[in-house]
Amino acid sequence: MKALDAGARGYLFKDNADEDIERHPWSSRPRLVFSLAITRALLEDYARRMRQRGVQDYYDLLTEREREVLQLLAEGKANKEAAAILHLSPYTIETHRTNLMQKLGLHNTAEIVLYAVRKGIITP
């Protein structure tokens, strides 16, 4: 956290640097690059702070785009279909899917659908 506060744009561990660099292709535009372990720690810290602020449902942690993806997936759309609807690449949809599943503690499509029904996002 001190490195981020000081303006760091990334943080990689030496022991996994090769893998992490392969996962984050370099481009001319600036981006944040973190080891998977750092990313997990940041997400856990963020979730902990949200709980402390009284966020009752992790749905509140989802971005607007993640909510759109959640709804489309719960409606039975495949990643490719959701990508076409939202004018995104299937890889971007997969990233949003992974993030929303992690935030909500879901593990598969069936759990996404069940969550969406319970939350009232879709009706059976």
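The values are calculated or read from the model by the stated rules, or taken from the named source; none is laboratory data. All values reported here derive from a predicted model rather than from experimental measurement. Neighbour counts are summed over all protein chains in view; Cβ atoms, including those assigned to glycine, are modelled from backbone coordinates with ideal geometry. In case anyone asks, the SASA skips ligands and DNA or RNA and just uses the protein heavy atoms, side chains included. Shrake-Rupley method; radii C 1.70, N 1.55, O 1.52, S 1.80 Å.
Descriptive notes on the structure:
- Qualifying positions in the stretch 62-102 - under 10 Å from the mean Cα position of the chain (by Cα), assigned to a loop (DSSP other than H, G, I, E, B) and crowded, with 17+ Cβ neighbours inside 10 Å: LEU62
- Single match in LEU12, LEU61 (criterion: closer than 19 Å to GLN102 by Cα and at pLDDT 70 or above): LEU61
- Qualifying residue in the stretch 66-81 (condition: under 27 Å from LEU4 (Cα atoms) and either out of contact with any Phe, Trp or Tyr (no Cβ under 6 Å at 6 or more places or on another chain) or modelled with pLDDT under 90 (or both)): yes
- Those residues of the stretch 42-56 which are touching a helix residue (DSSP H, G or I) at 6+ places or on another chain (Cβ under 8 Å) and in a loop (DSSP other than H, G, I, E, B), in sequence order: VAL55
- TYR115 vs. criteria aromatic (Phe, Trp, Tyr) and open to solvent by 70 Å² or more (accessible area, probe 1.4 Å): no
- In the stretch 42-51, the residues that are exposed (fewer than 14 other Cβ atoms within 10 Å of the Cβ) and within 22 Å of LEU12 (Cα to Cα): GLU44, ASP45, TYR46
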